[in-house]
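No lab work stands behind these numbers, since they all come straight from the coordinates. The structure presented is a predicted model; accordingly, all values stated were derived computationally and were not measured. So basically every Cβ, Gly included, is an ideal-geometry build from the backbone, and we count neighbours across all protein chains shown.
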Amino acid sequence: MPQNKQQSSVKDGASNWRNWLLAAMLLAGLVLAVLHWGDVKKFAALLAQARPVWLGVAALLQLGTYFGLSVQWWLALRSGRSKRPIAKLFRLALAKYFADQVIPTAGVSGNVVLVDRLVRLGVTRGTAVAALLLQVIAYYGSYALGALIVLIVLWWKSRMSVLLGGAVLLFLIVSAGIPALILWFHRRGWEKLPRWLSKWSKARGFFKLIGEAPAGLIRNPKLIASMTLLNGLVFLADAATMQACIHALGVHAPLSAGYIAFMMASIAVILGPVPMGLGSFEAVSIAMLRLFGVPFEAALSATLLFRGFTLWMPLLPGGLLLRRELKPARTS
């Protein structure tokens, strides 16, 4: 009897933290929508004026980005002998997106949701952590490759400058360093961390999390290469979305325009201190589109359309799916 009470107490505690997390995220989502309601209205107005075919293309491309993310998790879980249906992982990808956007803590909130939900789906915690870390490695690995292409295109199109080249090179250091640090810390173990670093509770908790991932899974070169390739396709879909937004306004631009605008604006978001990149993304995107000959009004409208598809439009389904994912499991 006491054991049953203890189990019930543990379940109630897990249910309570999920309820609090859900309430905090939904409240943050409401505040976000209120604070940026003007951007949402501008997006709606642009939708009414743009060409429907290209809007449909942009929407399909964005659905493809979440599918690509869920396939990455599916590959990691399959390698860990914990394969789960793509449909469930697709819903989880949208829920994680909502968590990451409304509480921008470097992805921590979304990572909590991901690991917790995978464990509730029957995946071992070690495999769930490995799926998360592998996706982070693939994310930055593919970003590094994408940044190299940016340098090549800027040089080829004679658009290179010291500022642009310096920003891309700085980002290359960051994007190559993060996967390397994850793998290095995993091999070294948190117990062998420098004393000054191990005293920091947040760092210690993160390194312990890295240590939970099975070595045979997180160090699988073929799996890392496959996930990096998939994540590269996700970035291409995002860049193509930007290009579709330009065409939706009836403006013609070289294919490189959408790619450079998306990549450089994303780099500015990652290197900058602004949560969600609100403001910095738009400014850099517009500047890059102008650099490739897109008129200012079209560059502004295309960027707002893109942000609508990638930021505002997925928030509602993401919030609803997050509410569903964090619901306590029914017990008999």
Check your understanding: How far apart, in nm, are the 7 Å Cα→Cβ label points at Arg120 and Arg290?
Key -> 4.7 nm
Practice item. Can you tell me how much longer the chain between Leu229 and Trp155 gets when fully stretched, taken as 0.36 nm per residue apart minus their C-alpha distance, in nm with one decimal? Key: 24.2 nm
**Study point:** Protection-proxy order for peptides 213-223, 114-124, each taking the mean of Cβ atoms within 10 Å per residue, highest first
**Key:** 114-124, 213-223
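Sort 159-167, 71-79, 302-310 for me by packing, meaning the mean count of neighbouring Cβ atoms within 10 Å per residue, highest on top.
Values: 159-167: 12.9, 71-79: 21.9, 302-310: 24.2.
Highest mean packing first, the order is 302-310, 71-79, 159-167.
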